[in-house]
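Novice: Mind looking over this structure? Questions follow.
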Amino acid sequence: MLGIAQGLSEFAPISSSGHLILIPWLFDWPILENAELSKTFAVALHIGTLFGALVYFRRDVVRYLVAAVRSIRARAIRDVDQRLAWALVVGTIPGVIVGAALESVIEDDLSQPWLVAVMLTVFGILLYVVDRVAASRRQLDDLGLRDGWWLGVAQAVALQPGVSRSGVTITAARAMGFDRETAARFSFLLSLPVIAGAGVYEGVDLVSDGIPAGMTGPFIAGIAASAVSGFAVIAFLLAYLRRRDFSVFVWYRLVVAAICLVVIATGLRPATV
């Protein structure tokens with residue numbers, strides 16, 4: 001269940017980190033009692049999602065890597081692919097800086113269910129409003145380094161669980177005038193270096209310490225589920241957004257947030273973990 005939730009919500013604008021907090025919290029699963037196991041398992045699920053995304057975007061990844069190498073050799077940016085490759089590099093920087101600086105704060109203070117519910121609501125409404133009023137006058141070929149930087153800044157905001165990495169970068173891209181499919185595609189591509197970097201950084205401990213005893217099966221199942229569901233949701237979303245808007249995802253966010261706040265208000269579950 002957590003693997004599927006991770007794969008679906010990593011790219012849909014509904015917050016994967018928020019779901020990895022809320023689902024065990026709602027069902028009172030024992031994984032919450034072991035903070036280190038919970039963190040390690042989340043890293044494994046992100047690695048699974050990365051595999052699924054890399055398979056889907058394999059041609060894009062190769063194309064932009066080749067373009068970046070050509071640009072470095074020429075010491076110039078000469079075509080659209082090279083510009084997009086550097087936009088992805090520039091856009092990765094803010095998330096790396098903020099993530100490294102605030103890692104402990106995010107884990108200890110910002111991962112509370114009540115705050116996740118609030119963020120789901122606030123940024124869901126923001127996505128709806130921006131998507132409604134924004135023009136769709138720009139496409140992927142129009143995206144430059146400055147755009148990449150500001151979309152990277154937006155992505156860094158999503159380190160707060162409940163915001164949604166894809167949701168906030170899509171919102172920012174729509175505010176800049178990019179069409180929905182372009183906003184989603186660049187958001188997905190921009191997430192790959194961050195997910196890969198976090199996976200390598202956190203995965204060092206996983207490799208050195210090994211998978212906890214008795215958890216090999218759940219880890220394999222979670223990674224496989226997140227990879228398959230991540231691949232599927234990317235394919236679905238890029239086709240879906242050619243014809244439709246983000247309303248269904250906004251309503252989903254609002255419903256989930258309302259359920260969580262009602263659960264807290266009635267005392268069925270505590271507001272914090």
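The values are calculated or read from the model by the stated rules, or taken from the named source; none is laboratory data. Because the structure is a prediction, the values reported are computed rather than measured. Positions of Cβ are generated from backbone atoms using ideal geometry, with glycine treated the same way; all protein chains shown enter the neighbour counts.
Novice: State whether the residues of the range 103-113 include one that is among the hydroxyl-bearing types (Ser, Thr, Tyr) and not in a helix (DSSP H, G or I). Write out each step before concluding.
Specialist: Narrowing the range 103-113 to residues among the hydroxyl-bearing types (Ser, Thr, Tyr): 104, 111.
Next cut, not in a helix (DSSP H, G or I) only: 111.
Yes, that holds for at least one residue.
Novice: Here's another thing I want to ask about it. Need the failing condition index for Val90 against (1) farther than 27 Å from Ile4 by Cα; (2) surrounded by fewer than 16 Cβ atoms within 10 Å (Cβ to Cβ); (3) of a type in the set (Val, Ile, Thr), just the number.
Specialist: With (1) farther than 27 Å from Ile4 by Cα; (2) surrounded by fewer than 16 Cβ atoms within 10 Å (Cβ to Cβ); (3) of a type in the set (Val, Ile, Thr) applied to Val90, the lone miss is (2).
Novice: Can you work out which of the residues in the range 108-146 that are of a type in the set (Asp, Glu) and free of Cβ contacts under 8 Å to residues at least 60 places away in the same chain is nearest to Ala184 (Cα to Cα)?
Specialist: Restricting to residues being of a type in the set (Asp, Glu) and free of Cβ contacts under 8 Å to residues at least 60 places away in the same chain, the top hit is Asp142.
Novice: If you don't mind, there's one more thing I want to ask. Would you point out which residue out of Ala68, Ala87 is farther than 16 Å from Arg185 by Cα and at pLDDT 95 or above? Show your work before the answer.
Specialist: Working: Ala87 fails: farther than 16 Å from Arg185 by Cα.
Going through Ala68, Ala87 in turn, the sole match is Ala68.
Novice: Another question, if that's okay. Could you give me the residue pairs with C-beta distances under 6 Å whose first residue belongs to the range 19-48 and is on the phi > 0 side of the Ramachandran plot and β-branched (Val, Ile, Thr), whose second residue is modelled with pLDDT of 85 or more and part of a helix (DSSP H, G or I) wherever it lies, and which are 6+ apart or on separate chains?
Specialist: none
Novice: Tally up the residues in the range 225-247 that are over 18 Å from the mean Cα position of the chain (by Cα) and either surrounded by 15 or more Cβ atoms within 10 Å (Cβ to Cβ) or assigned to a helix (DSSP H, G or I) (or both), please. Steps first, answer last, please.
Specialist: So in the range 225-247, the residues over 18 Å from the mean Cα position of the chain (by Cα) come out as 239-240, 242-245, 247.
The next check asks that each one be either surrounded by 15 or more Cβ atoms within 10 Å (Cβ to Cβ) or assigned to a helix (DSSP H, G or I) (or both); those that pass are 239-240, 245, 247.
Residues in the range 225-247 being over 18 Å from the mean Cα position of the chain (by Cα) and either surrounded by 15 or more Cβ atoms within 10 Å (Cβ to Cβ) or assigned to a helix (DSSP H, G or I) (or both): 4 in total.
Novice: Could you grab the pairs with beta carbons closer than 7 Å, sequence gap of 6+ or different chains, first residue in the range 217-244 and within 23 Å of Thr171 (Cα to Cα), second one not in a helix (DSSP H, G or I)?
Specialist: Val233/Ala12; Leu237/Ala12
Novice: From the set of residues in the range 1-57 that are closer than 17 Å to Ala235 by Cα and not in a helix (DSSP H, G or I), which is farthest from the chain's Cα centre (by Cα)?
Specialist: Restricting attention to the range 1-57, the residues satisfying the condition of being closer than 17 Å to Ala235 by Cα are 4-14, 48-57.
Next, only the ones that are not in a helix (DSSP H, G or I) stay: 12-14, 57.
Working: Ala12: 8, Pro13: 8, Ile14: 9, Phe57: 15 Å.
Filtering the range 1-57 for residues that are closer than 17 Å to Ala235 by Cα and not in a helix (DSSP H, G or I), the one farthest from the chain's Cα centre (by Cα) comes out as Phe57.
Novice: To continue, here is another question. Can you confirm whether the range 175-191 contains a residue that is assigned to a helix (DSSP H, G or I), more than 14 Å from the chain's Cα centre (by Cα) and surrounded by fewer than 17 Cβ atoms within 10 Å (Cβ to Cβ)?
Specialist: Within the range 175-191, the subset assigned to a helix (DSSP H, G or I) is 175, 180-191.
Subsequent filtering for residues that are more than 14 Å from the chain's Cα centre (by Cα) retains 175, 180-182.
Still in the list and also surrounded by fewer than 17 Cβ atoms within 10 Å (Cβ to Cβ): none.
Within the range 175-191, none of the residues are assigned to a helix (DSSP H, G or I), more than 14 Å from the chain's Cα centre (by Cα) and surrounded by fewer than 17 Cβ atoms within 10 Å (Cβ to Cβ).
Novice: Tally up the residues in the range 123-139 that are touching a helix residue (DSSP H, G or I) at 6+ places or on another chain (Cβ under 8 Å) and either closer than 20 Å to Ile14 by Cβ or modelled with pLDDT under 95 (or both), please.
Specialist: 10
Novice: Right, another one. Quick one: how many residues across the range 118-173 are acidic (Asp, Glu) and either surrounded by fewer than 17 Cβ atoms within 10 Å (Cβ to Cβ) or assigned to a loop (DSSP other than H, G, I, E, B) (or both)?
Specialist: Of the range 118-173, the ones acidic (Asp, Glu) are 131, 141-142, 147.
From the residues that got through so far, the ones that are either surrounded by fewer than 17 Cβ atoms within 10 Å (Cβ to Cβ) or assigned to a loop (DSSP other than H, G, I, E, B) (or both) too are 141-142.
Within the range 118-173, residues that are acidic (Asp, Glu) and either surrounded by fewer than 17 Cβ atoms within 10 Å (Cβ to Cβ) or assigned to a loop (DSSP other than H, G, I, E, B) (or both) number 2.
Novice: How many residues, within the range 97-112, are modelled with pLDDT of 85 or more and under 14 Å from Val157 (Cβ atoms)?
Specialist: 2
Novice: For residues that are surrounded by fewer than 18 Cβ atoms within 10 Å (Cβ to Cβ) and either part of a helix (DSSP H, G or I) or of a type in the set (D, E, K, R) (or both), tally how many sit in the range 62-80.
Specialist: Result for the range 62-80: 13.
Novice: Being at pLDDT below 95 and among the aromatic types (Phe, Trp, Tyr) narrows it down to one residue among Phe41, Phe57; which is it? Write out each step before concluding.
Specialist: Numbers: Phe57 fails: at pLDDT below 95.
From the options Phe41, Phe57, the qualifying one is Phe41.
Novice: Condition (residue is basic (Lys, Arg), within 12 Å of Leu192 (Cα to Cα) and in a helix (DSSP H, G or I)) applied to the range 81-91: is it met by at least one residue? Show your work before the answer.
Specialist: Restricting attention to the range 81-91, the residues satisfying the condition of being basic (Lys, Arg) are 83.
Restricting the remaining residues to those that are within 12 Å of Leu192 (Cα to Cα) gives none.
No, the range 81-91 contains no residue that is basic (Lys, Arg), within 12 Å of Leu192 (Cα to Cα) and in a helix (DSSP H, G or I).
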